[in-house]
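Written out below as structure tokens is the structure these notes cover.
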Amino acid sequence: MNGASAMEEDKDDQKSGIGEMKTTSCHVFGDSFSIRIIENIKEDYGLFVWPCSVILAEYVYQQRSRFAATATVVELGAGTSLPGLVAAKLGCDVTLTDEADKVEVLDSMRALCKLNNLNCKILGLTWGVWDKSLFELRPRFILGADVLYDASAFDNLFATVAFMLQSSPGSCFITTYHNRSGHHLIEYLMMKWELKCVRLLDGFSFMPSSKASGLSGNIQLAEIISIREKR
Ligand SMILES: C[S@@+](CC[C@H](N)C(=O)[O-])C[C@H]1O[C@@H](n2cnc3c(N)ncnc32)[C@H](O)[C@@H]1O
């Protein structure tokens, strides 16, 4: 579907029903491991690998000394979940989440864990909805690839992110997003939700050229913490 798939793709396409086109992409991380993703390029937003996800997954891999084994990780709006699956490969305790009523996306996550022999928790978590399960999550890292694309959802997304950051001292939200409206987007959201951006990178600045060549867009990576943690 995108540059991610172009890296090393099994052109294993198969039509499996009206409106469905499945393809399997293989994403390689250094000399360490690869992750296979089954994508459905005609269906839901959450059923294929977006460039932001390829960039965030690579960042997690490159920052692997921080993602020490047993670190708790929650991926929001995970869809095909590449960054979360990388964290799981590194030994983290990973919960993959997406909108609670997206049954097909949540089923696809289960299938991807099985395909890659990884044991992640799968949770329906809709931004801005205060289910009991949200109160039980205490992640060290919150990941979100391409979750900042619909302005009408920003408040719900950041309400959830700010709550999780405040509830889990020392935690950090790492997100990749298309910078369509300049730097103001992040600045505005940080002020509104009492957050602080502690690292802002051009998403292509750390990408191996073999991966970057298949991707496009002005993608940024931000690491965000709370300035108001609950003790
Ligand atoms: C553009 S896709 C990105 C998917 C994946 N992170 C990636 O980069 O490949 C946005 C994801 O956010 C999820 N999403 C959208 N609105 C949501 C909400 N209100 N609560 C939770 N997830 C949501 C979608 O189901 C989808 O998986």
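Label Asp155 and Arg138 with points 7 Å out from Cα along Cα→Cβ: what is the distance between them in nm?
Here the modelled spin labels are 3.1 nm apart.
Averaging sequence separations of C-alpha pairs under 8 Å and six or more residues apart, then dividing by the length of the stretch 25-183, give the relative contact order as a whole percent.
Details: 293 pairs, mean separation 34.0, N = 159.
21 percent.
Which residue, Ser53, Ser34, Ser171, tops the fluctuation ranking in a GNM of the chain built on C-alpha contacts under 10 Å?
Among Ser53, Ser34, Ser171, the largest GNM mean-square fluctuation belongs to Ser34.
Please figure out what share of the DSSP beta bridges in the chain is antiparallel and state it in percent, rounded to the nearest 5.
On the way: 24 of 40 bridges.
Once the DSSP bridges in the chain are tallied, antiparallel ones form about 60 percent.
Using Cβ counts within 10 Å as a stand-in for footprinting exposure, how do Phe173, Phe154 rank, fewest first? Don't jump to the answer; show the numbers that get you there.
Details: Phe173 26, Phe154 18.
Starting with the residue having the fewest Cβ neighbours, the order is Phe154, Phe173.
Quickly work out the Asn218-to-Ile41 label distance, labels modelled 7 Å from Cα along the C-beta direction, and quote it in nm with one decimal.
Roughly 2.8 nm, to one decimal.
Could you give me D for the chain, from Stokes-Einstein at 20 °C and 1.002 mPa s, where the hydrodynamic radius is the Kirkwood radius over C-alpha pairs? Units µm² s⁻¹, please. Spell out each step's value before the answer.
Numbers: Rh = 17.6 Å.
In µm²/s, the coefficient is 122.
Among Lys89/Lys121; Lys22/Lys121; Lys22/Lys114; Lys89/Lys114, which pairs are too far apart, with a Cα-Cα distance over 20 Å? It would help to have the intermediate numbers written out before the result.
On the way: Lys89/Lys121 14 Å; Lys22/Lys121 24 Å; Lys22/Lys114 17 Å; Lys89/Lys114 13 Å.
Too far apart for the 20 Å limit: Lys22/Lys121.
If neighbour count is taken as other Cβ atoms inside 10 Å, put Val147, Val54, Val103 in order from fewest to most. Walk me through the numbers before you get to the answer.
Details: Val147 23, Val54 29, Val103 11.
Starting with the residue having the fewest Cβ neighbours, the order is Val103, Val147, Val54.
How high is the relative contact order of the stretch 123-167, in percent, with contacts defined as C-alpha pairs under 8 Å that are six or more residues apart? Write out the running numbers ahead of the final one.
Values: 22 pairs, mean separation 25.6, N = 45.
RCO, the stretch 123-167: 57 percent.
Once every DSSP H run of n ≥ 4 in the chain is given -39500 (n - 2.57) and the sum is divided by its residues, what mean residue ellipticity at 222 nm do you get, rounded to the nearest 500 deg cm²/dmol?
Working: 8 runs with 70 residues, N = 231.
Helix-only estimate at 222 nm: -8500 deg cm²/dmol.
Over the chain, with a Gaussian network built from C-alpha contacts below 10 Å, which listed residue (Ala151, Ala159, Ala212) shows the highest mean-square fluctuation?
Ala151
Under 19 Å from a point placed 7 Å out from the Cα of Asp31 along the Cα-to-Cβ direction: which residues of the stretch 194-217 have their backbone N that close?
Residues 208-211 fall inside that zone.
Read the figures in this text as sums done on the coordinates, not as results from a lab. Nothing here was measured: the structure is a model prediction, and the numbers come from that model. Positions of Cβ are generated from backbone atoms using ideal geometry, with glycine treated the same way; all protein chains shown enter the neighbour counts.
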